[in-house]
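Below is one structure, written out as structure tokens; the observations come after it.
The values are calculated or read from the model by the stated rules, or taken from the named source; none is laboratory data. Bear in mind that the values here come from a model prediction, so they are computed numbers and not experimental data. Cβ placement follows ideal geometry from the backbone for every residue including glycine, while neighbour counts extend to all protein chains displayed.
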């Protein structure tokens, strides 16, 4: 008796042929993508390179229209002179204190808030989360005036009475520089989305072992969201380090000025000292470049995965 072949016909392979060595040939679309990304990267790097080159030129060479791209004589002394032209050591110290304080507070408080919104069910949690989403839509500069009034009329601070009258409040103090903006809605949102992606089995096993809620947050869940921790820390440090308007509004003395405000001393009514300004700006940019190079793996991973559902 004849047997019937029931095997399905094998479809022809649609895989692209491979080159020698096992690698597939690069498609024209991928080549175009690489070229586009290379051009965009070059455009992003050019201003930084121009800033560094200008910081090494003399004032005469900067003002000359016939000067070339590279300086004829490299003026490395511009960095020393710029650092001595104003109390930049004090400005840098203040910027580091404020940026580190904001980073620690934001990572700590926002991670706890994000964990509570993601893993703890309580009445009103959804409403609170939607309020954080709404806060993300408020432009930054529309919050400057309300925050300034809160700082200015802070009760029982800076000579103010219980009604916030009679003194200066938190103006020209560390409180005004650190407390406002220490916790951001974006950080809470990002942490919540990362905590939502963690498996329930982790916290269930921890509860069976007798761990409390805070120990579950600190020892079990938070070590699993390192990309979120690094992303929030870098973004917070960068935002705080580069902040100019708020420190300018709430400080009056050089002892509390930050480095971004200190750079304005090189721009006067008689003109701008471009060689000093570019040298100071380069020094102010280096910490952020170094931090990104150190934490870029987790930073890129945090934005790529984003923990979004």
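Some observations on this one:
- Where a residue in region 191-215 is within 21 Å of residue 233 (Cβ to Cβ) and not assigned by TED's automatic domain parsing to the domain that holds residue 105 and its partner, wherever it lies, is at pLDDT 90 or above and not in a loop (DSSP other than H, G, I, E, B), with Cβ under 7 Å and at least six apart: none
- Within region 149-172, considering residues that are out of contact with any helix residue (DSSP H, G or I) (no Cβ under 6 Å at 6 or more places or on another chain) and closer than 24 Å to residue 110 by Cβ, the one surrounded by the most Cβ atoms within 10 Å (Cβ to Cβ): 154
- Residue within region 199-219 that is surrounded by 16 or more Cβ atoms within 10 Å (Cβ to Cβ), part of a helix (DSSP H, G or I) and within 22 Å of the chain's Cα centre (by Cα) present: no
- Of the residues contained in region 101-120, one or more are found to be in a loop (DSSP other than H, G, I, E, B), under 21 Å from residue 217 (Cα atoms) and either assigned by TED's automatic domain parsing to the domain that holds residue 263 or under 23 Å from the mean Cα position of the chain (by Cα) (or both).
- Matching entry among 283, 263, 290 (being in the same structural domain as residue 175 (by TED's automatic domain parsing), closer than 26 Å to residue 74 by Cβ, within 15 Å of the chain's Cα centre (by Cα) and at pLDDT 80 or above): 290
- Filter pass, residue 128 being within 30 Å of residue 47 (Cβ to Cβ) and outside any loop (DSSP other than H, G, I, E, B): no
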